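What follows draws every value from the coordinates through simple rules; no lab data is involved. Fair warning: this is a prediction, and the values are worked out from it, not measured in the lab. Cβ coordinates were reconstructed from backbone atoms using ideal geometry, including for glycine residues, and neighbour counts include every protein chain displayed.
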């Protein structure tokens, strides 16, 4: 099933498009106000993703410089994201159609079985489960290594919200980034002001933003998702991305701080709750 699917609960509405990389296209509260900045494009461009909605970051999050890294004694070369990007970006799950595995009026389960390819040389299964209530969208994510050998992995979720009037998190550290929008060591204290900036944050599981229409959107992530990327440099939207690991550091070896090594059959889980009022 590749068409748009609507979930409804207590007047709230979520629209999901499995065929467009398992994306949430829109989320509206019971008063019809946008909680997530909606996708307005009529077509899905593989190389120029819509700047709206929300999509999974699986099996890695952020950028991998030059689309190359070394793992378990092997030099790994990925296909660049395209569209002017020289690196790999946000994992391969957002490029592929997902399959509906379960559905009710207010919930939806999706799965993606990805074979080893030029975007990721290991086989994996990705899953998303959406549960909508009148005031919350809950998103459960998982990544399973379905191949015969260990693989590195990371997960996250990339929502676009209407432009924030205010944005605060509970982060305790941050990283500067270079011209390629890749974070660089050493970590620094978390900034007090996240506005008009791209920020890579650590030690954080919550964020609260206010838009022109909604007085409070609160994002809570599970303990596995203890990093966050915030982007508030664009005029129409603000991104708040709970993720499991620091971007690009999957390329820095097998350090467990920077990626999870999944043995065959092992899973990595995470959950994001978006509360709105």
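Run through the DSSP bridge list for the chain and note the antiparallel percent, rounded to the nearest 5. Don't skip to the end; give the middle numbers.
Numbers: 92 of 92 bridges.
In the chain, approximately 100 percent of DSSP beta bridges are antiparallel ones.
Arranged from highest to lowest average of other beta-carbon atoms within 10 Å per residue, in what order do the peptides 41-49, 138-146 appear? Working shown, then result.
Values: 41-49: 12.4, 138-146: 20.9.
Put in order of decreasing packing, that is 138-146, 41-49.
Assign one of three labels to the stretch 156-252, namely rounded, prolate or oblate, based on the Cα gyration tensor with a ≥ b ≥ c the square roots of its eigenvalues; rounded applies when a/c is under 1.5, prolate when it is not and a/b is larger than b/c, and oblate otherwise.
prolate
For residue 198 and residue 86 in the same chain, what is the full-extension length gain: residue separation times 0.36 nm, less their Cα-Cα distance, in nm? Spell out each step's value before the answer.
Working: separation 112, 0.36 × 112 = 40.32 nm, distance 1.94 nm.
Using 0.36 nm per residue and subtracting the Cα-Cα distance, I get 38.4 nm.
Tell me, how many Å apart are the Cα centres for the stretch 181-198 and for the stretch 105-149?
Cα centroid of the stretch 181-198 versus Cα centroid of the stretch 105-149: 29 Å apart.
Taking the square root of 5 times each eigenvalue of the Cα gyration tensor, what semi-axes in Å does the equivalent ellipsoid of the stretch 1-135 have, largest first?
30, 16, 12
Tell me the label only: which of (i) 19.3; (ii) 18.6; (iii) 21.2 is Kirkwood radius over Cα pairs in Å as calculated from this structure?
Of the listed options (i) 19.3; (ii) 18.6; (iii) 21.2, (ii) comes from this structure.
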